[in-house]
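The values are calculated or read from the model by the stated rules, or taken from the named source; none is laboratory data. Nothing here was measured: the structure is a model prediction, and the numbers come from that model. FYI the Cβ positions are ideal-geometry reconstructions off the backbone, even for glycines, and counts take in every protein chain you see.
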């Protein structure tokens, strides 16, 4: 059959959200300094402005927390990159 090649899959929402959070925090420069943290509320607003839902943001935070890439404090007011 002569079906067209599959299109590349779009970036997963969790990955796009993580990228937005890293951008917001200024993390990822490999500076070796103290962990960067950002306000959960500010992060949520930034992601909502980019068209993501609160559920997608929470799922992304859960995924990346399980990977030990970031931590959300118990009160869910700060996100810290580790």
With (1) part of a loop (DSSP other than H, G, I, E, B); (2) at pLDDT 95 or above; (3) over 16 Å from residue 79 (Cβ atoms) as the list, and residue 55 as the residue in question, which single condition is left unmet?
(1)
Based on what the data block shows, is residue 14 modelled with pLDDT of 95 or more and out of contact with any helix residue (DSSP H, G or I) (no Cβ under 8 Å at 6 or more places or on another chain)?
no
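Return the residues of the stretch 28-49 that are under 20 Å from residue 13 (Cβ atoms) and either surrounded by 11 or more Cβ atoms within 10 Å (Cβ to Cβ) or at pLDDT below 95 (or both); say none if nothing qualifies. Give the derivation first.
So the first thing to find is which residues in the stretch 28-49 are under 20 Å from residue 13 (Cβ atoms), and the list is 28, 38, 40-49.
Matches in the stretch 28-49: 28, 38, 40, 41, 42, 43, 44, 45, 46, 47, 48.
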